[in-house]
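Structure in structure tokens, see below.
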Amino acid sequence: MFVAVALVSVTGLFWQARQERLNDPLDQAARGEITAGSPQSFLRSARLRAGLDGIAAKAPRDAAILNLTIAPTELTATLLRADGSELYASVDAALTTQVRPAPNALDGHGLPFASIPADAPERFLRVAGRKLALHSQYLERLSLNVIQSPGQQPYWLATYTHPPLKNEAMAALDGTDVRYVGEPSAAQRAEARAVERRSAAAEKASIAAATQAGIDAQRRLQELTR
């Protein structure tokens, strides 16, 4: 009887340990079970927000995002403090967060944690799949870049392993304005159309002025020959 009870107990412990390994996020990540569309993926809005909140909780209060890289099983970030010093941050599949100093010092400013829309990556990837035929199962890397140049806006950049060409897309901070890298943004296209309209209007006015000048010259010539 004792042997039977012990065997049942050991079997139960083995089954429990096996279930824990099956459900452990780190083990799931190691087995490749967490993909872009998985609920545990950092590409999903709830998981990304949890990861960003974890970094914000451990980082100094004046730290802001300078660069953010997202993979299904890992979140990494470069943070910039008010004094220009950098920090590196990482979050693994189990939401274990690390923040450590970096050797660099930079001028400029980062993006506050609250300014990053957690649903932007999902929106970006969904539109890229539908509009550009770039599908999330081939996603290699998704990053958020905070531009330091005046007049430039933060943007998302996605790189895919397939297809071999035209495999990079970018989007605005909120995940809209999805386009291939190298194509003009919506703002740039709107400005180009405005320039075209102004140019067409100026050309039309110039033609009208030239036509009127010709008419006036012809009228004066007729008056002189009377």
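Protein chains only, probe 1.4 Å: how do Thr97, Thr161 rank by accessible area, largest first?
Largest accessible area first, the list is Thr161, Thr97.
In what sequence, largest accessible area first, do Phe42, Phe113 appear using a 1.4 Å probe?
I get Phe113, Phe42, largest accessible area first.
Report in % the part of the accessible area of segment 123-226 that belongs to carbon and sulfur, leaving out ligands and nucleic acids; probe 1.4 Å.
Taking all protein chains in place, segment 123-226 shows 55 percent carbon and sulfur surface.
Taking 8 Å as the Cα distance limit and 6 or more residues as the minimum spacing, I'd like the relative contact order of segment 116-177 as a percentage.
In percent, rounded to a whole number, it is 36.
Separate question: Using Cα-Cα distances under 8 Å and only pairs 6 or more residues apart, what relative contact order does segment 86-130 have, in percent?
27 percent
Using Cα pairs under 8 angstrom and six or more residues apart, how large is the relative contact order of the chain, in percent?
Relative contact order here is 13 percent.
Compute the accessible area per residue over segment 168-226, keeping the other protein chains in place, probe 1.4 Å, unit Å².
With all protein chains present, segment 168-226 gives 73 Å² per residue.
Show that you can apply the helix-only estimate: for the chain, add -39,500 (n - 2.57) for every DSSP H stretch of four or more residues, divide by all residues, and state [θ] at 222 nm to the nearest 500.
The helix contribution divided over the chain gives -14000 deg cm²/dmol.
Can you list, largest first and rounded to whole Å, the semi-axes you get for the chain by taking the square root of 5 times each eigenvalue of its Cα gyration tensor?
Here the semi-axes work out to 60, 23, 11 Å.
Per residue, how much space in cubic angstrom lies within the convex hull of the C-alpha atoms of segment 134-215?
Spelled out: Cα convex hull of segment 134-215, divided by residues, is 127 Å³.
The values are calculated or read from the model by the stated rules, or taken from the named source; none is laboratory data. These numbers come from a predicted model, not from an experiment. Remember, those area values only see protein heavy atoms, side chains included, never the ligands or the DNA or RNA. Shrake-Rupley method; radii C 1.70, N 1.55, O 1.52, S 1.80 Å.
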